[in-house]
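See structure below.
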Amino acid sequence: MNNNISGIKHPLISIIVPVYNAESTVEKCVDSMIRQDYQNIEIILVDDGSVDRSLSIIERLKSRDNRILIFHQENQGQNAARKLGLEHASGNYVAFVDSDDTVRFDFCSKLLGMSLEYQADIVGCGIEKISVYDNVHQMICPDFVIYSGHQAAESLIDVEEFYHYYHATALWSYLFSYKIIYSIFKIIDLRIRYAEDAACIMMALWDAGRVCYIPDALYQVNLVRGSVMRAHNKSYYKSLAYLYRYGMQQMQYRSMSSLMYRQMEYLIMFSLLITSYGEAFDHLDWLYPFDGVHEHSKVTIYGAGAFGIELVRYILKSNRYILAQWIDQKAEQMEDGIFPVEKPDDLDVSKCDYIVIAVTKPKVSDSILRSLKRYSINEGKIRSICQKKISYRYLRQDFFETD
């Protein structure tokens, strides 16, 4: 394949879509790519062992557009599907799209135009998040900015606040030069099945010569009711241990800065909090990562996002703490069934020793803290994440042991 694009007016873009049990969304996803105003694309659909009608749907779509290529593998996960797609890609550029999502009609033309104009190896765009169950739209648009690759990598995750990132850590809102992204996937550990996007992005940005971000929200993420609940039924402890080992090896190979090591630490600790709390932190005799919440305390959990769900499940399973209440502003939307979720107005401070703010985003956590203070609640009863405790030193030794 020819990766030299100088002099090419209309370079080919390969769009790779892993497809797994996506019968309800994949047609809309592929249609959004077929309708691109930039026509020189190939759409590579990789069926990752679907057991629903996904394969028959994409085969029907292929009969409508000869730019569609289909490949099939036994279920191995998104990155294995992406790697297979890359091995069959003919484009000078590569974009990734999830089969639940859609792209705007000018997704390819705008990203490619910026890449050619500024000679950028990677171009990122804004995203639009659409919640199909409560009709909420959220636009996440970066400022227009041009970085060197190292600057872009060091600007990914904010190490001053846990957990906040400046730019998207998912692969799907970027256009990559083929040579940059293929070099990452050529050696990726396919046992990494969680947070693999962010790890790939970190390495790809570091390797890039120039990176651009544009504010246009060209990628649409469609949020499905209950998806957060389902996603965190499974522990990813082992997968994140593989991510740690891969990250350390690749950062050492690239002689990355100390800032990048801290970003990787934040990424892994955040991922453990929301997917593998029990396996990662059950050896501690206090509720991690909150100051002074000792065993057998009566706690009210404030927050029913990914971390709140994981923490409540752990408390109920371990019996090491007493769950007094579970509070969230969107209580009426919660259908987990493991414990009733109540509205903030139903908070009864007398039931608990501590109110634990189980929220990883600092701005949201601070907003909750301010709202609790307005109720004249004793600040000594309120606990939010202690950033100083976001560190590998609180993990069990087996996390660092190699196979």
> For residue 179 and residue 253, what does the FRET efficiency come to when R0 = 22 Å and r is the distance between their Cβ atoms, rounded to the nearest 0.05?
Replying inline: 0.80
> Mind listing the phi-derived Karplus ³J(HN,Hα) values for the stretch 348-355, rounded to whole Hz, using 6.51, -1.76 and 1.60 with θ = phi - 60°, and x for any glycine or proline?
Replying inline: 10, 5, 5, 7, 10, 7, 9, 9
>> So, R0 is 45 Å and r is the distance between the beta-carbons of residue 145 and residue 295; what FRET efficiency does that work out to, to 0.05?
In response: 0.45
>> Taking 0.36 nm per residue of sequence separation and subtracting the Cα-Cα distance, how much length would be gained by fully extending the chain between residue 109 and residue 24, in nm to one decimal?
In response: 27.9 nm
>> Explain nothing, just compute: Karplus ³J(HN,Hα) = 6.51 cos²θ - 1.76 cosθ + 1.60, θ = phi - 60°, for every residue of the stretch 146-157 in order, whole Hz, x for Gly and Pro.
In response: 10, 10, 6, x, 5, 4, 5, 5, 6, 9, 6, 10
>> As an exercise, use a Förster radius of 45 Å and the Cβ-Cβ distance of residue 381 and residue 10 to find the FRET efficiency, rounded to the nearest 0.05.
In response: 0.10
>> Restricting to Cα pairs below 8 Å that are 6+ residues apart, what does the relative contact order work out to for the stretch 1-141? Please round to a whole percent.
In response: 30
> On the accessible surface of the stretch 1-109, probed at 1.4 Å, how many percent belong to carbon and sulfur atoms?
Replying inline: 47
> How large is ³J(HN,Hα) for each residue in the stretch 164-170, as worked out from phi by the Karplus curve 6.51 cos²θ - 1.76 cosθ + 1.60 (θ = phi - 60°), to whole Hz, x for Gly and Pro?
Replying inline: 9, 10, 7, 10, 4, 9, 9
> Looking at this model, which pairs from 28/110; 317/361; 186/361; 238/351; 238/343 are more than 29 angstrom apart at the alpha-carbon?
Replying inline: 186/361; 238/351; 238/343
> Given the options 387, 249, 220, which has the most mean-square fluctuation in a GNM of the chain, springs set between C-alpha atoms less than 10 angstrom apart?
Replying inline: 249
> For residue 382, which sequence-distant residues (separation of 5 or more, or a different chain) have an amide H within less than 5 Å of its own amide H, given hydrogens modelled in the peptide plane?
Replying inline: 355
>> As a test of the formula, what do you get for the chain when each DSSP H run with n ≥ 4 contributes -39,500 (n - 2.57) and the sum is divided by the residue count, at 222 nm and rounded to the nearest 500 deg cm²/dmol?
In response: -10500 deg cm²/dmol
> Per residue, how many Å² of accessible area does the stretch 263-403 show with a 1.4 Å probe?
Replying inline: 46
>> Multiplying the sequence separation of residue 345 and residue 363 by 0.36 nm and subtracting their Cα-Cα distance, what value in nm do you get?
In response: 4.4 nm
> Taking 0.36 nm per residue of separation and subtracting the Cα-Cα distance, what length does fully extending residue 31 through residue 331 add?
Replying inline: 104.5 nm
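The values are calculated or read from the model by the stated rules, or taken from the named source; none is laboratory data. Computed from a predicted structure; not experimentally measured. Neighbour counts run over all protein chains shown; Cβ positions are idealised from the backbone, glycine included. All accessible areas refer to the heavy atoms of the entire protein, side chains included, with ligands and DNA or RNA removed. Shrake-Rupley method; radii C 1.70, N 1.55, O 1.52, S 1.80 Å.
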